[in-house]
Amino acid sequence: MHKVDSQFADPLPLDFYNRDSVTVARELLGKVLVRLTPQGLCAGRIVETEAYLAKNDAASHAYRGRTNRNAAIFGPPGRAYVFSIHQVFCVNAVTEPAGTTSAVLIRAIEPLAGIELMAKRRGHVRSYDLTRGPGKLCQATAIDLQLDGWDLTRGSRLWIADHPDARGVTISNSPRIGLGKAKDPLLRFFITGNQYVSKSRAGVAASE
DNA sequence: AAAACGATCTACT
DNA sequence: GTAGATCGTTTTG
């Protein structure tokens, strides 16, 4: 088995996720998404997130009730919610206590480790396209439906850790992506100026 | 059983 | 900046 690089070894604890989605979405920026497979370890710094709220959030997958697909977001925090759409997968971190339906979508990461492996999975694309986008980062790190409901606090297969060189990040936010979402509150968060943040959707409201 | 719907991506101009 | 591909999941008849 591959030895986990000690700088990424400690998963964020349950308490980190057991808070409201907006707080978790903001604080996930700068953290490191870690994926361990038999092929090796991949890791990337989270640079873009999007919060989905428990109640009155028509954009949430849980808004119209529980189904087989969205069961994970009705469960406890600190788990992954993975779904497929348009031939790709997207990954969320479930937040707030079990029974609520909040989550944070991971929209982009900046590659830190296992870059060769990620590039192999993605095929030949320009470097900044490697993990810029929720579907792309899942392809690069081999996240699929097998990880739906996975416990992110276990520190195996898939987890999130502190950045080894913790430093302040400058955060901005902007409306959600997608049609009809323009009037939504500012629930998409990203690290200002990072090349792996979605282009053409630059932030509107600086904060922090 | 059929139809509709995207928390997307790529390839254009 | 936008059109079109594409398919698993959900909803409807």
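Since every read-out is calculated from the coordinates, none of them should be taken as a lab result. Values in this document were obtained by computation on a predicted structure and should not be read as measured data. Cβ sites come from the backbone with ideal geometry, for glycine too, and all protein chains shown count toward neighbours.
Stokes-Einstein diffusion of segment A:6-168 at 4 °C, 1.567 mPa s viscosity, Kirkwood radius from Cα pairs, rounded to a whole number: 83 µm²/s. Shown for A:112, A:152: other C-beta atoms within 10 Å of each C-beta, ranked fewest to most, produce the order A:112, A:152.
For chain A, a Gaussian network of Cα nodes joined below 10 Å ranks A:72, A:108, A:58 by mean-square fluctuation, and the top entry is A:58.
The calculated FRET efficiency for the pair residue A:37 and residue A:177, based on their C-beta separation and a Förster distance of 30 Å, comes to about 0.55.
With neighbours defined as other Cβ atoms within 10 Å of a residue's Cβ, the residues A:186, A:130, A:29 order from fewest to most as A:186, A:29, A:130.
The fewest-to-most ranking of A:156, A:6, A:198 by surrounding Cβ atoms within 10 Å reads A:6, A:156, A:198. Extending 7 Å from Cα along the Cβ direction at residue A:86 and again at residue A:63 yields two label points whose distance is 1.7 nm. Annotation: amide H of residue A:41 has no partner in the under-5 Å range at sequence separation 5 or more or interchain, hydrogens built in the peptide plane. Dipole check for chain A: with +1 at the C-beta of Lys and Arg, -1 at the C-beta of Asp and Glu, and the Cα centre as origin, the magnitude is about 640 Debye. Couplings 3J(HN,Hα) of segment A:27-41, computed from phi: 7, 6, 4, x, 6, 10, 7, 10, 10, 10, 10, x, 6, x, 9 Hz, in residue order, whole Hz [Karplus 6.51 cos²θ - 1.76 cosθ + 1.60, θ = phi - 60°; x for Gly and Pro].
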